[in-house]
Amino acid sequence: MALPEAIALTLLAALPAFINLASERIFEEEKALLIRAGALLALPGVILACRRRGAPLLHHTVVLAFGALTATLLVAAIAAAAPHDAWVGAYLRRHGIFTWLALAVVFAAMCTTAGTPTGRARLLGATVLGSIWPSCYALLQRVGVDPVSWIASTERAGSTFGNPIFLGGYLAVLLPLTAVLARRKRIAVPLLVLQLAALAATASRGPFVAVVAGLFVFGVVSAWSAPRGRAIAIAALVLAAVTASALAAFPSARPAPVTRMLDPSAGTGRIRVVIWKGVLTLMAHRGPRLWIGYGPESLHHVFPPYYAPEIGALEGTDAIPDRAHNEWLDTFVTAGLAGLVFEIAFFVATIVAAVRVPDPAMRAALTAASVAHIVEIQFGIATVVTRLLFLTVAAIAVGFATHAPDPVAAARAVPRGVSRRRAAAAIGDQRIAPPGIPWRWLALAALTGALSPLLSTFASIGQGAVRSGTADALVEYLATASLGTPLAYGAILAAAFALAWSIADAARPAAQAWLLGGCAVAGILAAVPVSITPSRADVFSKAAAAFESRQQWTEAAIAYGEAARLQPGQGYYQTGLGRSLTQGAIPLAPAARDARFRAAREAFERAEAMDPSDPDHPRHLASLARIQAWTLAEASRAEPLAEADRLYAHAIQLAPGLPALWVERAHADLEGGRQAQAMEKLRRAFALDAERRDAWLLWGEVQRSQRNLAAALAAYDRVLGRTPFDVDALRGRAIVLAELDRPDEAIATVNRLLQIEPADPVSLALRDRLSGRVPLSGQPRR
């Protein structure tokens, strides 16, 4: 019966630090998979524990509200617009209903644990210990000392969360809990300072606002609990309301840093506002979907028709948002008005339960942590770690209201001279657990999470390169590298079992021990397809992406193919397979090339069948048709280019506000010699985004093909006005200047280009032509 508690404590201590360097999705996705594996092991013990605790737990308001929310999410998943992602989780997050149910299992384990003072102390200790390495790592990143060369900038630390907003949201909830522990144990004071420094290293707005809100609530609740403190608390509330109203009514009165941080008209604040408007438009007048939503992980599938080009212009990417960056709007899309009502009810019930906690310090900490989490996720994204942390807060609040016999307290109360066995029999058990909090075992769990990068890559250390060039040898090589995932899981499991042994409160009857042991083995076996296999597939996908970056198309296709074999329902791998097959087919002989193109088309079509609402799938098929046309004789290009146009039209129908689709469709028109149609498509792109770089570059090329050289030069200059070192714009400008017989300006532009790319063949050829070393025949094209 100690295993569920041990798994919950291990996850609290290890999950924040857990990352898998061997996989492609290193951070959030791997944490979601790990919590699923832990829940499978804890489930049998949770069922037995809940049967023993019975009514007090099931009748608590917080548990009832959480159960209602879970039931609503299940209904939404059953009727989901994208069933696979709703249940299994989208590739980018893996926050499907399986992950939510895993959180529910761990929440139940924590509720049974929190019924005793010792259990609550263990939960608090594990939570605080789990923050040590993520906080230290954030500071290392901030000062530029990082053992891993991440692509992201170190100006804002993301630590083991991979994102500064995620890390900040975690710390915002954790700080009040650490503060109450520091009040009881002074050794936790340096850790509180460490967490504050790590929060500053994230430089995130949403978490900052959440910390301020949590700090204010902490002070108000603490004052309310003090003798004659209610007047002070009410005065603080009134002062805060007046200050907030003044800042809202008079923006000029805000301090400059606060104005920049809260400005909704620029930067990420504007992005959020645009996404929120799109989500509200999506959900308006949606019939039954207004009440039950589209299911978990559904926004990416249903948002494309409401995509605003301003999002891409501000973010610098054409990706469709997969989150609304507001928890209530996300829940609105996921589970409709019913889910939104039950989630708000769950939040309110948790705050009310926290306010009713008899311990004044814990009351203030739990209330502040709850408010900080609720505020933060209205500006960011709830991660599995922050959800787990909030559920810990809720479980501790529930535990104060649903007391249970404390075997540790009973052990401490045993009179001198009375045997442990007789004392155990007096409270209904056969053995008494060792008293206190098992700090060394909790520290071991936290250390295991911190060592997860080494454990996940241990299998590939010293492996060397592939010993032969066969596909089987490559698959064997990558399969060996992927064994780091079960090794990391095994280490976390071992830490959980060690912790369970240290906190076990009684020896169980043999029949029950066999039952629990068998269920544990079944849980381990079930974790393989649920958690380990998806992670191993990502190891193959990461290798494939590396092969792609080196243009090793055959190896990339093999790796993506193996990832797709391990996870046949994941369209991301099918898309990667089609992309690699397409690029690898170009240099082949016609017969082999056509066979590769057919295989690529099949992969793209499989991906499209998995998610017909994603505009990227017809977009990939259209790109394949354009590449096929490029490999054919000019007289045979009409049919594939017509197919590309049809596919682009379908993609635009799915996402009419995505400018990139109009630009690519214009490319297909130009490749087919239809300059007028290309210009019309580009005008549509400009209507969506007047400063889009690729649209202006293509406009310059279309104008040059029609000999409108002045217009072409103006297009390239417009791009260079925003990005002075744009290689494509410099190259196009040099060519146009040469055609305008302005050699001095053309040579000056070529020299600027050669400073950026000294070996650019087009620039070198153009320079030779302008200097008279070669005849003036031929025009190098971009």
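The values are calculated or read from the model by the stated rules, or taken from the named source; none is laboratory data. Just so it is clear, the structure is predicted and the values come from calculations on it, not from any experiment. Using ideal geometry, Cβ is built from the backbone for each residue, glycine included, and neighbour counts are taken over all protein chains shown.
Points to keep in mind about this one:
- Of the candidates Ala629, Ala676, Ala644, Ala638, the single residue that is under 37 Å from the mean Cα position of the chain (by Cα) and of a type in the set (Gly, Ala, Ser) is Ala644.
- Flag for Leu566 being more than 20 Å from the chain's Cα centre (by Cα), of a type outside the set (Phe, Trp, Tyr) and surrounded by 23 or more Cβ atoms within 10 Å (Cβ to Cβ): no
- Arg156 satisfies every condition listed in (1) within 23 Å of Ile374 (Cβ to Cβ); (2) under 19 Å from the mean Cα position of the chain (by Cα) except (1).
- Among residues of the stretch 605-617 that are touching a residue at least 12 places away in the same chain (Cβ under 8 Å), those with a beta-carbon under 7 Å from a residue that is among the acidic types (Asp, Glu) at least six positions away or on a different chain give the pairs His617/Glu608; His617/Asp611.
- Residues that are surrounded by fewer than 20 Cβ atoms within 10 Å (Cβ to Cβ), assigned to a loop (DSSP other than H, G, I, E, B) and not hydroxyl-bearing (Ser, Thr, Tyr), drawn from the stretch 612-636: Pro612, Leu632, Ala633
- Odd one out for Trp514 among (1) at pLDDT 90 or above; (2) under 21 Å from Gly38 (Cα atoms): (1)
- Flag if Thr448 is crowded, with 17+ Cβ neighbours inside 10 Å and modelled with pLDDT of 95 or more: yes
- Subset of the stretch 737-758 [surrounded by fewer than 24 Cβ atoms within 10 Å (Cβ to Cβ) and of a type in the set (Val, Ile, Thr)]: Ile747, Ile756
- Of all residues in the stretch 717-736 being among the hydrophobic types (A, V, I, L, M, F, W, C) and part of a helix (DSSP H, G or I), the one that is surrounded by the fewest Cβ atoms within 10 Å (Cβ to Cβ): Val727
Results for (1) among the small types (Gly, Ala, Ser); (2) farther than 21 Å from Arg94 by Cβ, shown as yes or no for each residue.
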{"site": "Arg25", "(1), (2)": "no, no"}
{"site": "Ala37", "(1), (2)": "yes, no"}
{"site": "Ala42", "(1), (2)": "yes, no"}
{"site": "Gly45", "(1), (2)": "yes, yes"}
{"site": "Arg51", "(1), (2)": "no, yes"}
{"site": "Gly67", "(1), (2)": "yes, yes"}
{"site": "Ala76", "(1), (2)": "yes, no"}
{"site": "Ala81", "(1), (2)": "yes, no"}
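- The residue that is surrounded by the most Cβ atoms within 10 Å (Cβ to Cβ), counting only those in the stretch 302-347 that are free of Cβ contacts under 8 Å to residues at least 24 places away in the same chain and of a type in the set (A, V, I, L, M), is Leu340.
- Which listed residue, of Ala748, Ala714, Ala695, Ala678, is modelled with pLDDT under 90 and part of a helix (DSSP H, G or I): Ala748
- When residues of the stretch 572-596 are limited to those that are in contact with a helix residue (DSSP H, G or I) (Cβ under 6 Å, 6 or more places away or on another chain) and of a type in the set (D, E, K, R), the one farthest from Leu621 (Cα to Cα): Arg593
- Among the residues here, Arg684 qualifies as farther than 17 Å from Ala729 by Cβ and among the basic types (Lys, Arg).
- Complete set of residues in the stretch 654-679 that are surrounded by fewer than 17 Cβ atoms within 10 Å (Cβ to Cβ) and more than 18 Å from Arg626 (Cβ to Cβ): Ala676
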